[in-house]
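> Structure in structure tokens, see below.
The values are calculated or read from the model by the stated rules, or taken from the named source; none is laboratory data. Here the structure is a predicted model, which means the values were calculated and not measured. Ideal geometry is used to build each Cβ from the backbone, glycine not excepted, and the neighbour counts take in all protein chains shown.
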Amino acid sequence: MASVSSAFFTSVYMFVPQGSVLGPILFIIYTADLAPLVDEYGLSLHQYADDSQIYSSCRPAATSTLSSDITECVDDISSWMRSNRLQLNADKTEVMWCSSTRRLPQLPSSPLVIWCIWCICSSGQFCSRPWSLY
């Protein structure tokens, strides 16, 4: 157990105590602007707790358009998060293509490359780098 004399103290300006009844409500209010941002790209948003899923559907011939929309949307979300003091975890960001077996060869085989400025990476540090979503 650390003694009081060796403890490190710092000022905290913004927080919600963990386990607070207000935590989930305040998070929903805080992230309310995310849905209209996703809507601008014609994509849908599903949120549960602190996880967000962006999804859509398209014909096989329109996968490149959908890929572009997803890339631009995630770029804008990254900027929005940064301006709202939130962090996008690049290591937990994924893209999943779903298809019938018959249409599987028509899906993109190359990854989506998204440029993220100030994401949090596996090391726990901020990074500024492109990353590929498979």
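> How many residues are farther than 15 Å from Ser78 by Cα and at pLDDT below 60 if we restrict to the range 89-126?
Within the range 89-126, residues that are farther than 15 Å from Ser78 by Cα and at pLDDT below 60 number 4.
> Which condition does Thr93 not pass, out of (1) of a type outside the set (A, V, I, L, M); (2) touching a residue at least 40 places away in the same chain (Cβ under 8 Å); (3) surrounded by fewer than 15 Cβ atoms within 10 Å (Cβ to Cβ), if it passes all the others?
Among (1) of a type outside the set (A, V, I, L, M); (2) touching a residue at least 40 places away in the same chain (Cβ under 8 Å); (3) surrounded by fewer than 15 Cβ atoms within 10 Å (Cβ to Cβ), the lone unmet condition for Thr93 is (3).
> Now, a different point. Inside the range 22-58, can you point out the residues that are assigned to a loop (DSSP other than H, G, I, E, B) and modelled with pLDDT under 80? Walk me through how you get there before you give the answer.
First, pick out the residues of the range 22-58 that are assigned to a loop (DSSP other than H, G, I, E, B): 31-33, 40-43, 49-50, 56-58.
Ala49, Asp50 - these are the residues of the range 22-58 that are assigned to a loop (DSSP other than H, G, I, E, B) and modelled with pLDDT under 80.
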